[in-house]
């Protein structure tokens, strides 16, 4: 059993590494980074296992709108969420770093939204990630599938990687600047190293490691890359109680 679990973890890490490499390769594209929300969505939809649609919504002054999407399906799903007033992409802004619906046909958290999403759009699975843009703006990256239980732990970890890049893209757009290719490569490398350290020290999976990086970034209002560098240098997340080492298992 342990051998099977080790092999599964190894395959998952290989898939994560491949996703990192492909994302950076496409973003650099001959030495120029083309880091936009639409670009991230298009790339992520092609790499995310069992993902059929993807999109980003932003919320400004309490009003949500679709910013980027692979096709019309995310727009329709978002319209349902906006109409009923709930759903993973809206709730993730206030309750968690990411929310996953394994089967919207019978998810008790969003009965009205789930029923309409299945009936109108045929969407059964959905996973949404809060993007970190500061206190005044909110944004969410979501992946959709017509398969129930489409997104496993490896897919959830990949989604967190894409969410980190998408946050960087939106922040950069807000600043009216372009992302330097070296910055994109640095983000890829250092987040991956920090996630590996957390996984090895804390005995948990890739999705939880990435979620902890994101959570620390939000809680402390620090850049995700800065948090990753702290983990790489110290072996622990910043701001933990007593700055205890993860090796202690606490």
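Descriptive notes on the structure:
- Cβ-based exposure ranking for 144, 98, 165, in which fewest neighbours within 10 Å come first: 98, 165, 144
- Neighbour counts of other Cβ atoms within 10 Å put 93, 141, 198 in the fewest-to-most order 93, 198, 141.
- Alpha-carbon radius of gyration plus Dmax, which is the widest Cα pair, for region 37-110 in Å: 12.4, 34
Values quoted throughout were computed directly from the atomic coordinates according to the rules given, and no laboratory measurement underlies them. Since the structure is predicted, the reported quantities are computational estimates derived from the model, not experimental observations. Cβ atoms come from the backbone with ideal geometry, glycine included; neighbour counts cover every protein chain shown.
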